[in-house]
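Accompanying notes for the structure given below.
The values are calculated or read from the model by the stated rules, or taken from the named source; none is laboratory data. Quick caveat, the model's predicted, so the values are computed rather than measured. In this analysis, Cβ positions are derived from the backbone assuming ideal geometry, glycine residues included, and neighbour counts consider all displayed protein chains. Heavy atoms of the whole protein, side chains included, go into the accessibility calculation; ligands, DNA and RNA do not. Shrake-Rupley method; radii C 1.70, N 1.55, O 1.52, S 1.80 Å.
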Amino acid sequence: MRRYSAFAIAREALRHHQGWERAWRAPEPKPGYDAVIIGAGGHGLATAYYLGKNHGVTNVAVIEKGWLGGGNTGRNTTIIRSNYLQDPSAAIYEKARSLYETLSQDLNYNVMFSPRGVMMLAQTHHEVRGYQRTAHANALQGVVTEYIGPERVKDLCPIIHIDGPRYPVLGALWQPRGGTARHDAVAWGYARACSAMGMDIIQQCEVLGVRSEGGSVVGVDTAKGFIGCKRLGIVVAGHSSVVAEMAGFRLPVESLALQALVSEPIKPCMDVVVMANTVHGYMSQSDKGEMVIGGGTDGFNNYTQRGSFHHIEETLRALIETFPMISRLKMLRQWGGIVDMTGDRSPLISKTPLGGCFINCGWGTGGFKAIPGSGWAMAELMAKGEPGPLAAAFGMERFREGRFIDESVAAGVAH
Ligand SMILES: Cc1cc2nc3c(=O)[nH]c(=O)nc-3n(C[C@H](O)[C@H](O)[C@H](O)COP(=O)(O)OP(=O)(O)OC[C@H]3O[C@@H](n4cnc5c(N)ncnc54)[C@H](O)[C@@H]3O)c2cc1C
């Protein structure tokens with residue numbers, strides 16, 4: 001694989017861009033692999049990447065039913081932060097955030113990480129107490145956050161109306177090195193790096209069944225035939241329960257649609273990310289100038305990857321109170337993704353009842369930020385057969401043992 005560089009851009013400019021290679025190969029599946037990962041979203045691709053990079057396992061296939069990054073990874077609003085309450089969550093989200101800082105250099109692919117700062121508004125006294133508690137917890141965990149007052153909020157984000165009639169802004173939890181990254185680029189960068197290590201990314205290849213012998217996985221039946229494997233990673237977000245059923249076990253996970261929308265592009269007016277969780281809305285401005293807006297999940301389980309009109313209305317009605325200027329904007333497009341939600345709003349990175357089969361899911365509305373850390377931890381689990389320190393608390397036995405990792409506040413938007 002040729003490295004991308006300023007020199008390569010200059011060279012290609014001189015020869016009319018005829019020399020660029022395909023970013024990743026499009027191979028046919030081999031009969032078998034040491035490890036197969038189902039799902040070429042960010043988490044699946046990052047798992048493959050760190051299997052190769054950290055553990056030397058490169059005989060790997062990532063199998064995707066659609067196109068890589070076409071699930072939630074390419075549909076999210078790209079907020080990256082690590083201001084969670086519980087120690088295991090802060091550890092894995094901060095690991096992910098810190099890997100994002102140098103991901104472009106690591107992958108030789110510009111993921112456009114923009115640590116512009118994230119603020120979570122406190123608009124009720126309950127939220128004030130909740131975020132002050134999180135700021136204290138973060139100080140003990142070594143995660144840099146700060147509880148700030150309304151004047152500082154206004155200073156950092158002048159378009160906020162802090163004296164809203166129903167929910168005035170009382171303060172915010174501020175993480176100065178939180179931010180955004182380009183979601184497609186994260187998937188594409190990992191895919192290119194995996195392909196360069198000799199791994200096969202097989203798109204348009206739905207997994208239809210999981211085969212086992214003597215209690216251990218031996219492979220998967222797919223739209224392109226049987227593919228054998230010694231280790232299987234299920235990393236399919238909103239379809240986790242469906243694939244887990246193929247492998248013969250049930251998950252404590254629900255699937256729901258989460259929606260987002262973008263406005264027409266406007267001049268730069270907001271250089272931080274703002275989440276307003278009481279009214280269910282969050283907003284940032286993309287490099288193109290569009291306001292990127294997300295809302296809450298649907299109130300019922302479903303598998304629709306579409307937006308709906310009532311959500312546009314609900315989300316904008318809620319946000320206009322805090323950001324009156326968006327009432328003048330035209331909205332350009334909306335979409336939905338299927339998120340996988342656990343009862344304690346924390347993920348599963350876990351062994352399963354089927355030998356050699358591992359699962360990574362339950363990231364719900366907030367897994368984009370976790371991609372590098374999650375891939376790191378899942379790769380360790382798949383390579384060693386046992387979770388390392390990052391994943392140890394996220395086993396699915398916690399639901400049987402009542403050992404929840406409650407992140408209802410930090411998970412952000414109400415759901
Ligand atoms: C509207 C919206 C906004 C969001 N905003 C944010 C945000 O701002 N910040 C944040 O951190 N997170 C956010 N999220 C959550 C985040 O997008 C997800 O947690 C994360 O992308 C999950 O990544 P993944 O790789 O696990 O899943 P996905 O990207 O969904 O990848 C799973 C892949 O598995 C494939 N698959 C499923 N079944 C099969 C099968 N049988 N065979 C083969 N392949 C299969 C799918 O096609 C899919 O490509 C948001 C989500 C949505 C929908």
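Using θ = phi - 60° and the Karplus curve 6.51 cos²θ - 1.76 cosθ + 1.60, what whole-Hz ³J(HN,Hα) does each residue of the range 139-151 get, with Gly and Pro shown as x?
Whole-Hz 3J(HN,Hα) from phi for the range 139-151: 4, 5, 8, x, 9, 7, 9, 8, 8, 10, x, x, 5.
On a full-extension model of 0.36 nm per residue, what is the gain between R15 and L208, subtracting their alpha-carbon distance, rounded to one decimal in nm? Please report the intermediate quantities before stating the final value.
On the way: separation 193, 0.36 × 193 = 69.48 nm, distance 4.52 nm.
Extra length from R15 to L208 when fully extended: 65.0 nm.
Regarding the range 123-237, what are the three Cα extents along the principal axes, ordered largest first, in Å?
61, 32, 32
Could you report the chain's accessible area per residue, 1.4 Å probe, as an integer in Å²?
Numbers: 17300 Å² over 415 residues.
That works out to 42 Å² per residue.
For the range 172-259, what is the Kirkwood estimate of the hydrodynamic radius, computed as the reciprocal of the mean inverse distance between distinct Cα atoms, to one decimal in Å? Walk me through the numbers on the way to the answer.
Numbers: mean 1/r = 0.0622 Å⁻¹.
Mean inverse Cα-Cα distance, inverted, gives 16.1 Å.
Could you give the radius of gyration (one decimal) and Dmax (whole number) of the Cα atoms in the chain, in Å?
In Å, with Rg to one decimal and Dmax whole: 21.2, 64.
Roughly how many whole Å is it from the C-alpha centroid of the range 1-33 to that of the range 180-239?
22
What's the magnitude of the charge dipole for the range 1-68 around its Cα centre, counting Lys and Arg as +1 and Asp and Glu as -1 at the beta-carbon? Answer in Debye, nearest 20. Mind showing how you got there, number by number?
Values: 9 positive and 5 negative charges, 51 e Å.
For this selection, approximately 240 debye.
Using 1/(1 + (r/R0)^6) with R0 = 35 angstrom and r between the beta carbons of K330 and F7, what's the FRET efficiency to the nearest 0.05?
Numbers: r = 42 Å, r/R0 = 1.20.
Efficiency, from the Cβ-Cβ distance: 0.25.
Have a look at D184, D298, D163 and tell me which one the Gaussian network model of the chain (Cα, springs below 10 Å) gives the largest fluctuation.
With Cα springs under 10 Å in the chain, the top fluctuation among D184, D298, D163 is at D163.
Rounded to two decimals, what ratio of Rg to Rh does the range 272-415 give with C-alpha atoms and a Kirkwood Rh? All intermediate terms of the calculation are to be shown ahead of the outcome.
Values: Rg = 17.9 Å, Rh = 17.2 Å.
Radius of gyration over Kirkwood radius for the range 272-415 works out to 1.04.
If you average 1/r over every pair of different alpha-carbon atoms in the range 61-210 and take one over that average, what Kirkwood value in Å do you get? If you can, show how the numbers build up before the last one.
Details: mean 1/r = 0.0569 Å⁻¹.
Its Kirkwood hydrodynamic radius stands at 17.6 Å.
E146 versus T304, label points 7 Å from Cα toward the beta carbon: distance in nm?
With each label point 7 Å from Cα toward Cβ, the separation is 4.3 nm.
For the cross-link pairs K30/K369; K154/K330; K230/K351; K154/K267; K154/K288, which exceed 22 Å when the distance is taken from alpha carbon to alpha carbon?
Values: K30/K369 32 Å; K154/K330 24 Å; K230/K351 14 Å; K154/K267 19 Å; K154/K288 24 Å.
Correct reply: K30/K369; K154/K330; K154/K288.
Can you give the Rg to Rh ratio for the range 1-51, taking only C-alpha atoms and Rh from Kirkwood? Walk me through the intermediate numbers first.
Working: Rg = 15.8 Å, Rh = 14.0 Å.
Here Rg/Rh amounts to 1.13.
How large, in percent, is the carbon and sulfur part of the accessible surface of the range 182-235 at a probe radius of 1.4 Å? Walk me through the intermediate numbers first.
Working: 880 of 1980 Å².
Carbon and sulfur: 44 percent of the exposed surface of the range 182-235.
Taking K384 as the anchor, which aspartates and glutamates have their alpha carbon closer than 18 Å to its alpha carbon, excluding any fewer than eight residues away along the same chain?
D34
To the nearest 0.05, what FRET efficiency results for H55 and D221 with a Förster distance of 22 Å applied to their C-beta separation?
On the way: r = 27 Å, r/R0 = 1.22.
Step by step, r from the Cβ atoms, then E = 0.25.
How big is the range 82-133 by the Kirkwood estimate over distinct Cα pairs, in Å?
On the way: mean 1/r = 0.0767 Å⁻¹.
Its Kirkwood hydrodynamic radius stands at 13.0 Å.
How many percent of Cα pairs in the range 323-365 exceed 13 Å? Present the calculation step by step, with values, prior to reporting the outcome.
Values: 632 of 903 pairs.
Percentage above 13 Å: 70.
Would you list, by chain and number, the aspartates and glutamates whose Cα falls below 15 Å from the Cα of K65, excluding same-chain residues fewer than 8 positions away?
Leaving aside aspartates and glutamates fewer than 8 places away in the same chain, those within reach of K65 are E28, D200, E206, D221.
For the chain, what proportion of DSSP beta bridges, expressed in % and rounded to the nearest 5, is antiparallel?
Values: 48 of 68 bridges.
Given both bridge residues lie in the chain, the antiparallel proportion sits at roughly 70 percent.
How do S104, S216 rank by accessible surface area computed with a 1.4 Å probe, from largest to smallest?
Details: S104 30, S216 50 Å².
Sorted descending by solvent-accessible area, the residues read S216, S104.
Can you pull the one-decimal nm distance between simple spin-label points at H161 and F399, each 7 Å off the Cα toward Cβ?
4.2
Per residue, how much space in cubic angstrom lies within the convex hull of the C-alpha atoms of the range 1-85? Let's see the in-between values first.
Details: hull volume 15.8 nm³, N = 85.
Cα-based convex hull of the range 1-85, divided per residue, equals 186 Å³.
If each residue of separation counts as 0.36 nm, what is the full-extension length gain between R25 and A392 once their alpha-carbon separation is subtracted?
Working: separation 367, 0.36 × 367 = 132.12 nm, distance 3.44 nm.
Additional length available on full extension: 128.7 nm.
For W188, W20, W335, W67, give me the order by solvent-accessible area with a 1.4 Å probe, most accessible first, ignoring ligands, DNA and RNA.
Values: W188 85, W20 105, W335 50, W67 150 Å².
Result, largest first: W67, W20, W188, W335.
Between rounded, prolate and oblate, where does the range 48-149 land on the alpha carbon gyration tensor, with a ≥ b ≥ c its root eigenvalues, rounded for a/c under 1.5, else prolate if a/b exceeds b/c? The partial results should precede the final answer.
Values: a/c = 2.35, a/b = 1.93, b/c = 1.22.
Here the range 48-149 falls in the prolate category.
Applying a 10 Å radius around every beta-carbon, put 88-100, 143-155, 120-132 in order of their mean neighbour count, most first. Walk me through the numbers on the way to the answer.
Numbers: 88-100: 22.3, 143-155: 17.1, 120-132: 19.4.
Ranking, from highest mean packing down: 88-100, 120-132, 143-155.
Students sometimes get this wrong: rank I312, I37 by accessible area, probe 1.4 Å, all chains present, largest first.
Descending accessible area places them as I312, I37.
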